[in-house]
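The values are calculated or read from the model by the stated rules, or taken from the named source; none is laboratory data. Computed from a predicted structure; not experimentally measured. Here the Cβ positions follow ideal geometry from the backbone for every residue, glycine too, while neighbour counts run over all protein chains shown. Note: accessible area is taken over every heavy atom of the protein model, side chains too, but ligands, DNA and RNA are not part of it. Shrake-Rupley method; radii C 1.70, N 1.55, O 1.52, S 1.80 Å.
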Amino acid sequence: MAMEEKIDNLENKEEKYTNSYLNTAWEWIKSILIAVALVVIIRSFLFTPTVVSGQSMEPSFFNTDKLIVNKILYSIREPERGEVIIFEANQEQDFIKRVIALPGETVEVKGDQVFVNGELLDEPYIQDEIDAAKKNGGTYNNLDFPEAIVPEGRLFVMGDNRPNSQDSRRIGFITYDQVIGRADLVFWPIQDIGLVSHEVGENK
């Protein structure tokens, strides 16, 4: 009888251990599945990482800089002037540019001067480059854009690297549907970690 009780106790302990192990394993599996689901949701609908390719946004961003893109913002409101956006340029490429003019506004680019609704736009993010070019007797920008009205549902965008940017001066206005989101955070390189500034000066 005593031997049978010991065997029963041993079997009960083994059963409890097995159940405990299975419960722990299931908890881990659930945690992993939830984590994966959250990553998919966040990357698909809320935020996603992207890598800057090319020099078109220098000196604000450089080739291989890594950014976090806010994908939910423009489902709440429309893009605003000065914001740095990521948009689908074609089926194979996404571009990063700065919003210069909004739907219904008149825009014109003449040398280093950008006019929105007939008023000169202050662009502090490239003022040093403009000043340096002026000291050398030239202009920072090398491609003008004739006065035009931005159609409804579209944006006029330009790269901060005005001499080397494939933007609305070449590809025309972009549609809201092309916009993926706003660049909100630089997370690489480490020394440049920080929030992206979307400030633009007042029209002069």
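Going through (1) open to solvent by 40 Å² or more (accessible area, probe 1.4 Å); (2) touching a Phe, Trp or Tyr at 6+ places or on another chain (Cβ under 8 Å) one by one, residue 143 falls short only on (2). Between 64, 48, which is more than 30 Å from residue 147 (Cβ to Cβ), touching a strand residue (DSSP E or B) at 6+ places or on another chain (Cβ under 9 Å), among the hydroxyl-bearing types (Ser, Thr, Tyr) and assigned to a strand (DSSP E or B)? Every option except 48 fails the conditions. Considering each residue of region 163-182 in turn, at least one proves to be under 27 Å from residue 73 (Cβ atoms), touching a His at 6+ places or on another chain (Cβ under 9 Å) and buried (at least 17 other Cβ atoms within 10 Å of the Cβ). Output the number of residues of region 150-163 satisfying the condition of being over 20 Å from residue 66 (Cα atoms) and outside any strand (DSSP E or B). Residues in region 150-163 being over 20 Å from residue 66 (Cα atoms) and outside any strand (DSSP E or B): 6 in total. Checked against the criteria, residue 80 counts as in contact with a His (Cβ under 8 Å, 6 or more places away or on another chain), open to solvent by 40 Å² or more (accessible area, probe 1.4 Å) and not β-branched (Val, Ile, Thr). Checking 98, 81 one by one, the residue that is at pLDDT 95 or above and assigned to a loop (DSSP other than H, G, I, E, B) is 81 and no other. Being farther than 27 Å from residue 77 by Cα and either assigned to a loop (DSSP other than H, G, I, E, B) or touching a Cys at 6+ places or on another chain (Cβ under 7 Å) (or both) is true of residue 141. Condition check: of a type in the set (Asp, Glu) and touching a strand residue (DSSP E or B) at 6+ places or on another chain (Cβ under 9 Å). Does residue 177 satisfy that? Taking the combined requirement at face value, the residue satisfies it. Note on region 167-197: residues that are in a loop (DSSP other than H, G, I, E, B) and more than 20 Å from residue 66 (Cα to Cα) amount to 3.
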